Amino acid sequence: MANTPDYHWPPMDQRKVIGTSPKRLDGPVKSSGRAKYTSDLKPQGMLFGAYLISPHAHAKVTSIDTSVAEKLPGVKSVYVAAPAGTEMQYQGWEVAAVAATTEEIAREATRKIKVEYEVLPHFVKDEDLASAGANAKQGGERLVGDPDKAFADAEAVSEGHYGIPVVTHCCLEPHGQVIQWMGDSINVWPSTQNVPGYAGDLSQRLQVPATNIKVKMDYIGGGFGSKFNPDAWAIVGANLSKNAGGRPVKLYLERNAEQMIGGNRPSAYAKIKLGGKKDGTITAWQTDSWGTGGFQAVSPGQQPYVFTNLPNIREVRTAVSVNAGTQRAWRAPGNQQASYLTCCAIEDYAHKIGMDPIEVFKLNAQYAPTARIETYRYQLDKAAELADWKKLWRPRGQNGSGPVKRGLGVAIAAWGGAGHAGKARAVINPDGSVAIETGTQDLGTGTRTIITQVAAETFGLPMSQIKLSIGTSELPADGGSGGSSTVGAVSTTTRKSSMNALAKLYEVVAPSLGAQPEELEAVDGHVRVKGSPNKSLTWQAACRKLGSTQIAEMGENVPRSAQAEGLNTQGAAGVQIADVSVDTETGIVKINRYVAVQDCGLVINPKLAESQVFGAIIMGIGTALFEERIMDAQTGRVLNPDMEFYKLAGIADIGNLVVHMDIRPENDKRGVIGLGEPPAIPICAAVGNAVTNAIGVRVPTIPMTPDHVLAALEGRIG
Amino acid sequence: MSSKKDSELPVPPKSGFSRRGFIRGVGIGSGALGTGLLETEAAAAAPATLGPGPVPITLNINGKPVNLTVEPSVTLIDAMRNYLDLTGAKRVCDRATCGACTVIMAGKTVYACTVLAIDAQGKNIETIEGLATGSALHPVSKAFYDNDAQQCGYCTPGFVMACKGFIDEHPSPTEEDVKHGLGGNLCRCGTYMGIRKAVLQAAKEMKGAVKNG
């Protein structure tokens, strides 16, 4: 190409589709029940799979006999995932699976598999580090500055302990797939956040060439970070299919297994000590933290959160291994925990010195990454304004004499959100039809809609004229939808591929308009000479000049160079405030109002962005008030692998939500930043601080259940 | 937590209308099912045991009788999804907690995961597939679309049916009514803000509509 097109986003005041809020394209098909999720599919000849999972937290399989199950009429295939000798490290571990003509027969057959276990000792509770023994692996000490001297010089010191438990993703569509393994080729319809990466991973594990694996998914019923790789159940499903002569097999986790092994967010507990000045400046920070990510231990994230440039820090982090399902990325991995620990400790310091926590956060924003300092200060003020902080906030414990106390709490968040590596293809046909093809996936975040908006903006066409193809492995590969990286990637690849395709079109059309290709623009359904609107062709007429030759051009997002192009970038900030009422007689916490101020760079669709923030807050309120995977120390089992006792927030539990998207021009000019994660981070901290502010004592451990609240009020450990 | 409306719980057996009566009824002949007369006639018949193997049943779904053969232990949601390819309703908690499987049966919203298919015989079952014809959207579906009340969308069909049932019984709800009345359905993506608005919009648009219409 002679000239590289100018890919930059049009200036704010010249955008026609970007920055507007067309309704989500998949809305009608979803709200009418016509959207086919992979768990809805029933390809010809499909068999139903069912799992047998380990009832024990830690056990060795000593023998397994599938002969009775195999003879059951209707059973077509039995696969042993844990042969004799396998040591299983948590309840829910996959033991065996059956494929049969009906789901009822498959389930019945799993009950007829005879397994003998040698039950081994287990350890499942990580709240008390002292009891963890050899299951705890302490990391090295991290030392910044001279914390001993800083604490000795401090005008005030506050100390506290805080905890945030394991929660599960609880995707409504469980993990699984329909999979068909015939000869050396595989068709798979998974529930995945990673359509483009799925075949490569499966290929390695099944020794089938990736080119022979076709992956297709139109809709996914929730992932939240837990659905990237093919997982054990894809391997089991594939083998069931192969053993059944290549018939497709549907194998999804039952709800109990989903809650046990479908992924979870690691816990984090910490003892934190802060020292500083009476004006609110924090000068010293000490953290001893621990937590668990299941059998594969992970330690909590670094402290302090956001205020990473504090001058004096001592930190020791410990990973605790437990016999429970393995952690997975959970919508801002590590960040909810880190935000909770840091923001609660700062709130306690503010209380210690008798200051308004908003002022303490603003003052110590000096220790945030330089580029974000003023953003945090602006957002703290904005959130305080929207929450009526000045009017409603009272110092801790001074919230009236009645049994119901009102309190406010603040917390902050940070996230990257740059676009992942990916490619898109833009196609212009001689008949004027336009297609965007990219192997991404729409998790319900609005990916389809924003790609189409970007293409419509770039081609100067209505959205209805753009045909979008996503969701298969046969398209140019995008990346997995994790880390809030999708919107940055697909907006960039769509923009660049569309501009590249237009450049080709301009080369063909320019002579007939008596202009150079780089003098042309596509606006309002026309290709015209910039500055000379009279010299124009309709889009259709321009495309007819292609004769019989289609244009198909690629666009790529390369993370290393993306920031220089200015299309997408990273670094989002957010501040949130919870306004709660706590009944000190029952311990019940009610959300009155919840305010979120969020920056995410250039916003392509404000309505969808707002929905993302609403969703993140609502999910967060569930984790702040209700959610916890409860382990039984005696049996090692999960006590609530269901949805009655693993409680999600309902429509009445969330109060009124106020979302303010921080779309000031200085944020807009940075480019597109992902939004799935950032607003999901600070909710536990904001709610925890609000409850503490209301009732006058720190409730250390999330969730803010009546039990935890009353324990704190009564002086028992919360 | 939110309370659940009675209308969203499985319908308790009415007098003379029991699971056993149904089972007997099927033994007499499924041709009479759907008339609503069967249970009283069947009450006098001798006890019969059905299952555990598959038995033929007839479900009246979206105004049409559908014959299928299922084990008596099969739930309505599994019958719909696995045997009839009616996959709008989802199986999520499978224990009457989340509402993703909500359908309207005999005029009441029920959790289809907690109704046996054989017990659903003789009752009008309305699923999301029957809400609208062609490509047009039912006012409730349209209200969900208009108010961005879906993200991943897996809870959405259940929510839409719960809203339909709720509006049928509460044609002029307040926002407080909505919070109370839709407490029997759960969403993981957090679409409740849109749903609150959607229910109010749909109620407004459905004013004057025939019940169950």
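Just a few scattered comments:
- Paramagnetic reach from residue A:465 in the stretch A:509-548 [backbone N under 13 Å; point 7 Å along Cα→Cβ]: A:522-528, A:537-544
- Restraint check, B:90/B:142; A:273/A:590; A:16/A:382; A:277/A:391; A:467/B:164; A:23/A:545, Cα-Cα greater than 23 Å: A:273/A:590; A:16/A:382; A:277/A:391; A:467/B:164; A:23/A:545
- Cross-link reach is defined here as a Cα-Cα straight distance under 13 Å, omitting same-chain residues fewer than 8 places apart; for residue A:352 the aspartates and glutamates meeting it are A:155, A:159, A:279.
- Most to least packed among A:471-477, A:182-188, B:95-101, A:302-308 [average Cβ atoms within 10 Å]: B:95-101, A:302-308, A:471-477, A:182-188
- Chain A: translational diffusion in µm²/s, Stokes-Einstein, Kirkwood Rh over Cα pairs, 37 °C, 0.692 mPa s: 120 µm²/s
- Cross-link reach is defined here as a Cα-Cα straight distance under 13 Å, omitting same-chain residues fewer than 8 places apart; for residue A:390 the aspartates and glutamates meeting it are A:356, A:359, A:381, A:579.
- Per-residue shielding of A:605-616, expressed as the average number of other chain Cβ atoms within 10 Å of the residue Cβ, stands at 4.
- Label separation (residue A:373 vs residue A:211): 5.6 nm, computed from points 7 Å beyond Cα along the C-beta direction.
- Applying 1/(1 + (r/R0)^6) with R0 = 56 Å to the Cβ-Cβ distance of residue A:554 and residue A:143 gives a FRET efficiency near 0.70.
- Using only the C-alpha atoms, the convex hull of the stretch A:171-262 corresponds to 82 Å³ per residue.
- Heavy-atom accessible area ranking, 1.4 Å probe, most first, across A:420, B:170, A:8: A:8, B:170, A:420
- Inter-label distance, nm, simple model (7 Å from Cα along the C-beta direction), residue A:72/residue B:172: 5.6 nm
- The stretch A:121-177 - convex hull of the alpha-carbon atoms, volume per residue in Å³: 219 Å³
- Straight-line cross-link partners of residue A:125 among the aspartates and glutamates, defined as a Cα under 13 Å from its Cα and at least 8 positions apart when in the same chain: A:628, A:632.
- For residue A:88, the residues whose amide H sits under 5 Å from its own are A:59, A:60, A:61, ignoring neighbours fewer than 5 places away on the same chain, with H placed 1.01 Å from N.
- Pairwise burial B:A, computed as accessible area of each alone minus the pair, summed, 1.4 Å, Å²: 4800 Å²
- Positive-end residue of B:131, B:65, B:153, charge dipole of the stretch B:52-175 with Cβ unit charges: B:65
- Per-bin percent of Cα-Cα distances, the stretch A:494-563 [10 Å]: 21, 48, 22, 9, 0
- Based on the convex hull around the alpha carbon atoms, the stretch A:595-671 presents an average projected area of 7.1 nm².
- The stretch A:325-372 and the stretch A:573-594: distance between their alpha carbon centers, rounded to Å: 18 Å
- Look at the dipole of the protein assembly as shown built from charges on Cβ: of A:170, A:469, A:438, the Cα furthest out on the positive end belongs to A:469.
- Per principal axis, descending, Cα span of the stretch A:47-122 in whole Å: 38, 19, 14
- Across all Cα pairs in the stretch A:211-347, the calculated P(r) in 5 Å bins from zero up to the longest distance comes to 2, 9, 14, 16, 13, 11, 9, 8, 6, 5, 3, 2, 1, 0, 0 percent per bin.
- A simple charge model with +1 on the Cβ of Lys and Arg, -1 on the Cβ of Asp and Glu and nothing else charged puts the dipole of the stretch A:47-122 at about 140 debye relative to its Cα centre.
- In the stretch A:452-595, the ratio of gyration radius to Kirkwood radius, Rg to Rh, stands at 1.22 when only Cα atoms are counted.
- The magnitude of the dipole of chain A, with charges of +1 and -1 set on the Cβ of Lys/Arg and Asp/Glu and taken from the Cα centre, is near 1020 debye.
- Distance histogram in 10 Å bins (all Cα pairs of the stretch B:139-205, percent per bin): 25, 64, 12
- Peptide A:250-258 has a mean shielding of 2, counted as Cβ atoms of other protein chains within 10 Å of each residue's Cβ.
- Label-to-label distance, residue A:472 versus residue A:390, with points set 7 angstrom from Cα along the beta-carbon direction: 5.9 nm.
- Residue by residue along B:141-147, Cβ atoms of other protein chains within 10 Å of the local Cβ number 5 on average.
- Note on the protein assembly as shown: helix-only mean residue ellipticity at 222 nm, from DSSP H runs of 4+ residues weighted -39500 (n - 2.57) and normalised by residue number, equals -8500 deg cm²/dmol.
The values are calculated or read from the model by the stated rules, or taken from the named source; none is laboratory data. Values in this document were obtained by computation on a predicted structure and should not be read as measured data. Heads up, the Cβs are rebuilt from the backbone with ideal geometry, glycines too, and the neighbour counts pull from every protein chain shown. Just the protein is used for accessible areas: all its heavy atoms, side chains included, with ligands, DNA and RNA removed. Shrake-Rupley method; radii C 1.70, N 1.55, O 1.52, S 1.80 Å.
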